[in-house]
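Here is the structure we will look at.
Values quoted throughout were computed directly from the atomic coordinates according to the rules given, and no laboratory measurement underlies them. Every value quoted in this text rests on a predicted model; they were computed, and no experiment measured them. Reconstructed Cβ throughout: ideal geometry from the backbone, glycine too, with neighbour counts over all protein chains shown.
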2 protein chains.
Amino acid sequence: MELYLGYTAALMGTVCWLPQAWKAWASRDTSGLSLSANLMFLLTVGLWFCYGIMVGDWPIIIANFCAILIVVSIVLAKLRYK
Amino acid sequence: MELYLGYTAALMGTVCWLPQAWKAWASRDTSGLSLSANLMFLLTVGLWFCYGIMVGDWPIIIANFCAILIVVSIVLAKLRYK
């Protein structure tokens, strides 16, 4: 039960930023996005990715690799349309 | 070493949304924020909070309780200044 909850939370935490990335690129409206928050979040998922590699946990590695891609795209949108 | 990395990532993941919450309330500019992304993220930290309670992990409980407060404030700013 805890395992399912943990996996659901990990999956949700990965896909939840897809609508934000989509919105940023589609609307080009990124003025309300905090660059520092998104850079810190990028560092966060980067740290989790390293953590996953160090402890050899594939769900953590895969979830955070996907999150890195999504957050990088949000940061790029912010830098391009600021 | 892995433990420090995990704790750093958990702490960073909690505080990283503070600048976004601050920016949303200070600038009232939330048009670029995705409500669905933030609601899904709220559900994510809520699930991690429940997971922490179920496995009795205090760092997860505390980090996600703080994250819930911050993300709720972002969602409230988005609903108020949309």
For residues of B:57-69, the mean tally of beta carbons on other chains within 10 Å: 0
Inter-copy spacing of residue B:5 label points, which lie 7 Å from Cα along Cα→Cβ, given in nm from shortest upward: 2.7
Most positive-pole-ward Cα, A:20, A:64, A:50, against dipole of chain A from beta carbon charges: A:20
Structure-based [θ]222 nm, the protein assembly as shown - -39500 (n - 2.57) summed over DSSP H runs of at least 4, per residue, nearest 500: -28000 deg cm²/dmol
Shielding by partners - mean other protein chain Cβ count within 10 Å, residues of A:21-32: 4
Helix runs (DSSP H) in chain A reaching 18 Å along axis by Cα, Kyte-Doolittle at least 0.5: A:2-15, A:35-55, A:58-80
10 Å Cβ neighbours from other chains, averaged over peptide B:4-11: 5
Identity and axial distance of the chain A residue whose Cβ lies nearest the axis relating A to B, Å: A:32, 2
Per-bin percent of Cα-Cα distances, the protein assembly as shown [10 Å]: 11, 41, 35, 11, 1
Inter-copy label distances at residue A:28 (7 Å, Cα→Cβ; nm, one decimal): 2.6
Over segment B:2-80, equivalent-ellipsoid semi-axes from the Cα gyration tensor in Å: 25, 14, 9
